[in-house]
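Asker: Next up is a structure, given as structure tokens.
The values are calculated or read from the model by the stated rules, or taken from the named source; none is laboratory data. Not measured: the values here are computed from a predicted model. Cβ atoms come from the backbone with ideal geometry, glycine included; neighbour counts cover every protein chain shown. Surface accessibility is based on the protein's heavy atoms, side chains included, excluding ligands, DNA and RNA. Shrake-Rupley method; radii C 1.70, N 1.55, O 1.52, S 1.80 Å.
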Amino acid sequence: MRISVFGCGYLGAVHAAAMASLGHDVVGVDPDASKVGMLASGRPPFYEPDFAELLASSVAGGRLRFTADPAEAASAEVHFIAVGTPQRDDGGAELSYLEEAVATIAATLAPGSLVVGKSTVPVGTAAVLADRIEEAGGRLMWNPEFLREGFAVQDTLRPDRVVYGVRDGDDAEAVAMLDAVYAGVLSQGMPRIVTDLATAELVKVAANAFLATKISFINAMAEVAEVVGADVTQLADALGHDARIGRRFLNAGVGFGGGCLPKDIRAFRARAAELGVGDSLAFLGEVDRINLRRRDRVVQLATEMLGGSLAGRRIAVLGLAFKPDSDDVRDSPALEIASRLLEAGARVTATDPQAVETSRTRQPALDYRVVTADALADAELVILLTEWREFRELDPEEVGRTVAELRVIDGRNALDREAWRSAGWDYRALGRG
Ligand code: UDX
């Protein structure tokens, strides 16, 4: 099938390459000419495992192109919308990129074609957009995307469920068209839920609200555990054996960040308030506050460990990305903590296997090191903030020979505490007494 994908960020670029790998003829459209240039030559503009290979093979195979000119997408039978919906200053979602994409598609749409929204939107948005697309002779579906960065390719080609939102509940023709697009995915037998537009929009934000709540729940337990000398990681293990609770997303530490969870819970709250049900989601404000307090706690702990002041103290920060296997530093707890240590007068050397360049763009003032050993040299305190495998596997004896003082904060409960303590380190973590 002829497919277009509007918006070539983490979501759209991966989606476009994945659709091409299923055998479709795909064009990715993005106004950012430099991004388009990189993608068109088969080079990923961001780090995502397995994406480089998928992109290069699809571009080389002639099934995938990228352009800044939306006219090149006019002949597509299916248009996917994967543009960003970033956070506005008031917490709500900025929909101007989405509006622009819909206006562009509506202006050039071939009659009978299908428009499929994948972007995360405030509930109620799709119904308004559906009117515009129908006026232009097309039909709209909402098909939320649940991909995780670091697993984007896997999650796109082997999702754990597929959700279709359709206007009339039983628009069989639209459903059949999207089934044809996803035939190579659906043949693996994952559940496919067909519902109305509003439910489809809600599935995405509700899923992210739940995940954020789960993380903040365990981080709240970490706050209590710290006071009573309990161990939040053992608590999470014990809780996780209850199949109703489950162990995943119960890792306490510096909390959640990234381009989705923080902005989605804020936008969800803002939308609920507009709809007159603000009280229903008031708890998400608490989820957000617990999450942000974890960042304060690291700065406080560092200050305590260094005797009350950070001024002039040498701190090595391991990790800048919001999670491992990503170069994304949007709302990254790690980058924010590193910046706050710097503001408090510390001499911070920061490193990350992939996120040094993305961090430099947002925070040019930090002293970045590409090689971990350079960041660690002479440090009086080491702080692990993103649990990349390379950091988890550091040898405490070896690291001990390069630093000035054996002090470490494990911001992700990712290091082997006993090994670090027996190598002589003053090991501190969040939620472990
Ligand atoms: C999330 C959702 O998981 C995904 O389904 C949705 O499509 C987009 O948003 P992502 O932002 O890639 O995906 O990251 P995720 O793996 O959910 O992690 C989010 C944040 O939570 C990271 O900062 C991570 O470090 C943190 N986290 C995760 C914890 O602090 N503890 C955990 O137990 C799990």
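Asker: Within segment 283-309, track down each residue that is more than 21 Å from I215 (Cα to Cα) and either among the charged types (D, E, K, R) or buried (at least 22 other Cβ atoms within 10 Å of the Cβ) (or both).
Answerer: Hits for segment 283-309 are A302, E304.
Asker: Pick from segment 311-351 the residues that are touching a Gly at 6+ places or on another chain (Cβ under 7 Å) and among the charged types (D, E, K, R): which of them is nearest to R294 (Cα to Cα)? Write out each step before concluding.
Answerer: Taking segment 311-351 first, the residues touching a Gly at 6+ places or on another chain (Cβ under 7 Å) are 311-312, 322-326, 328, 330-334, 345, 347.
Next, from what is left, pick out any that are among the charged types (D, E, K, R): 323, 325, 328, 330-331, 347.
Details: K323: 15, D325: 22, D328: 20, R330: 17, D331: 14, R347: 21 Å.
That would be D331.
Asker: If I filter segment 305-325 down to residues being of a type in the set (D, E, K, R) and within 22 Å of V399 (Cα to Cα), which single residue comes out as farthest from the chain's Cα centre (by Cα)? Walk me through how you get there before you give the answer.
Answerer: Kept after step one, since they are of a type in the set (D, E, K, R), are these residues of segment 305-325: 313-314, 323, 325.
With the extra rule that they be within 22 Å of V399 (Cα to Cα), the set shrinks to 313-314.
Details: R313: 32, R314: 30 Å.
Checking each candidate, the answer is R313.
Asker: Another question about this same structure. Which one is most open to solvent (accessible area, probe 1.4 Å), of the residues in segment 229-277 that are within 18 Å of R428 (Cα to Cα) and not in a helix (DSSP H, G or I)?
Answerer: Only one residue tops the list, namely N251.
Asker: If a residue has to be within 19 Å of the chain's Cα centre (by Cα), of a type outside the set (D, E, K, R) and more than 24 Å from L178 (Cα to Cα) to count, how many in segment 76-98 make the cut?
Answerer: Residues flagged as within 19 Å of the chain's Cα centre (by Cα), of a type outside the set (D, E, K, R) and more than 24 Å from L178 (Cα to Cα) within segment 76-98 amount to 6.
Every residue, every condition in (1) more than 18 Å from L385 (Cβ to Cβ); (2) within 15 Å of the ligand (Cβ to nearest atom), yes or no:
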position	(1), (2)
S216	no, yes
A222	no, yes
L235	yes, yes
H241	yes, no
R244	yes, no
G255	no, yes
C260	yes, yes
I265	yes, yes
E274	yes, no
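Asker: So, one more: Can you tell me how many residues within segment 26-66 are open to solvent by less than 50 Å² (accessible area, probe 1.4 Å) and either hydrophobic (A, V, I, L, M, F, W, C) or outside the structural domain of Y10 (by TED's automatic domain parsing) (or both)?
Answerer: Within segment 26-66, residues that are open to solvent by less than 50 Å² (accessible area, probe 1.4 Å) and either hydrophobic (A, V, I, L, M, F, W, C) or outside the structural domain of Y10 (by TED's automatic domain parsing) (or both) number 15.
Asker: Checking the condition out of contact with any Phe, Trp or Tyr (no Cβ under 8 Å at 6 or more places or on another chain) and within 16 Å of the ligand (Cβ to nearest atom), which residue from P111, P159, P144 passes?
Answerer: Numbers: P111 fails: within 16 Å of the ligand (Cβ to nearest atom); P159 fails: out of contact with any Phe, Trp or Tyr (no Cβ under 8 Å at 6 or more places or on another chain).
Result of the check over P111, P159, P144: P144.
Asker: When you go through A106, A101, A93, A126 one by one, which is the residue that is among the hydrophobic types (A, V, I, L, M, F, W, C), open to solvent by less than 40 Å² (accessible area, probe 1.4 Å) and in contact with a His (Cβ under 9 Å, 6 or more places away or on another chain)? Even if it seems obvious, please write down each step before you answer.
Answerer: Details: A106 fails: in contact with a His (Cβ under 9 Å, 6 or more places away or on another chain); A93 fails: in contact with a His (Cβ under 9 Å, 6 or more places away or on another chain); A126 fails: in contact with a His (Cβ under 9 Å, 6 or more places away or on another chain).
Going through A106, A101, A93, A126 in turn, just one is among the hydrophobic types (A, V, I, L, M, F, W, C), open to solvent by less than 40 Å² (accessible area, probe 1.4 Å) and in contact with a His (Cβ under 9 Å, 6 or more places away or on another chain): A101.
Okay, residues lined up against (1) within 16 Å of the ligand (Cβ to nearest atom); (2) at negative phi; (3) in a loop (DSSP other than H, G, I, E, B); (4) among the hydrophobic types (A, V, I, L, M, F, W, C):
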site: T303; (1), (2), (3), (4): no, yes, no, no
site: S309; (1), (2), (3), (4): no, yes, yes, no
site: G312; (1), (2), (3), (4): no, no, yes, no
site: K323; (1), (2), (3), (4): yes, yes, yes, no
site: D327; (1), (2), (3), (4): yes, yes, yes, no
site: R330; (1), (2), (3), (4): yes, yes, yes, no
site: A334; (1), (2), (3), (4): yes, yes, no, yes
site: A338; (1), (2), (3), (4): yes, yes, no, yes
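Asker: While we're looking at this one, here's another question. Does P364 satisfy the criteria of being at pLDDT 95 or above and touching a helix residue (DSSP H, G or I) at 6+ places or on another chain (Cβ under 9 Å)? If you could, list the steps in order and put the result at the bottom.
Answerer: Numbers: at pLDDT 95 or above: yes; touching a helix residue (DSSP H, G or I) at 6+ places or on another chain (Cβ under 9 Å): no.
The answer is no for P364.
Asker: Which condition number in (1) in the same structural domain as L140 (by TED's automatic domain parsing); (2) within 30 Å of F46 (Cβ to Cβ) is the one that E173 fails?
Answerer: (2)
Asker: With respect to A127, is the statement that it is in contact with a helix residue (DSSP H, G or I) (Cβ under 6 Å, 6 or more places away or on another chain) and either within 27 Å of P191 (Cβ to Cβ) or not in a helix (DSSP H, G or I) (or both) true?
Answerer: Details: in contact with a helix residue (DSSP H, G or I) (Cβ under 6 Å, 6 or more places away or on another chain): yes; either within 27 Å of P191 (Cβ to Cβ) or not in a helix (DSSP H, G or I) (or both): yes.
In short, yes.
Asker: When you go through D231, D242, D196 one by one, which is the residue that is at pLDDT 95 or above, within 26 Å of G165 (Cα to Cα) and among the acidic types (D, E)? Let's see the steps before the verdict.
Answerer: Numbers: D231 fails: within 26 Å of G165 (Cα to Cα); D242 fails: within 26 Å of G165 (Cα to Cα).
Being at pLDDT 95 or above, within 26 Å of G165 (Cα to Cα) and among the acidic types (D, E) holds for just one of D231, D242, D196, which is D196.
Asker: Ok, one more. When you look at A270, is it more than 11 Å from the ligand (Cβ to nearest atom) and not polar (S, T, N, Q), yes or no?
Answerer: Numbers: more than 11 Å from the ligand (Cβ to nearest atom): yes; not polar (S, T, N, Q): yes.
Against the criterion (more than 11 Å from the ligand (Cβ to nearest atom) and not polar (S, T, N, Q)), A270 qualifies.
Asker: Can you name the number of the only condition in (1) open to solvent by less than 10 Å² (accessible area, probe 1.4 Å); (2) within 16 Å of the ligand (Cβ to nearest atom) that T358 fails?
Answerer: Against the list (1) open to solvent by less than 10 Å² (accessible area, probe 1.4 Å); (2) within 16 Å of the ligand (Cβ to nearest atom), T358 comes up short only on (1).
Asker: More than 16 Å from the ligand (Cβ to nearest atom), in contact (Cβ under 8 Å) with a residue 40 or more places away in the chain, touching a helix residue (DSSP H, G or I) at 6+ places or on another chain (Cβ under 6 Å) and not basic (K, R), is that true of V299? It would help to see each step written out before you state the result.
Answerer: Numbers: more than 16 Å from the ligand (Cβ to nearest atom): yes; in contact (Cβ under 8 Å) with a residue 40 or more places away in the chain: yes; touching a helix residue (DSSP H, G or I) at 6+ places or on another chain (Cβ under 6 Å): yes; not basic (K, R): yes.
Here the answer is yes, as V299 does meet what is asked.
Asker: Still on this structure: Only residues that are within 22 Å of A127 (Cβ to Cβ), free of Cβ contacts under 8 Å to residues at least 60 places away in the same chain and either open to solvent by less than 40 Å² (accessible area, probe 1.4 Å) or polar (S, T, N, Q) (or both): list them for segment 147-182, please.
Answerer: Selection gives V162, V163, Y164, G165, V166, D171, V175.
Asker: Which of the following residues is more than 17 Å from G84 (Cβ to Cβ), in contact (Cβ under 8 Å) with a residue 40 or more places away in the chain and open to solvent by 40 Å² or more (accessible area, probe 1.4 Å): M19, M1?
Answerer: Details: M19 fails: open to solvent by 40 Å² or more (accessible area, probe 1.4 Å).
Just one listed residue meets the conditions, M1.
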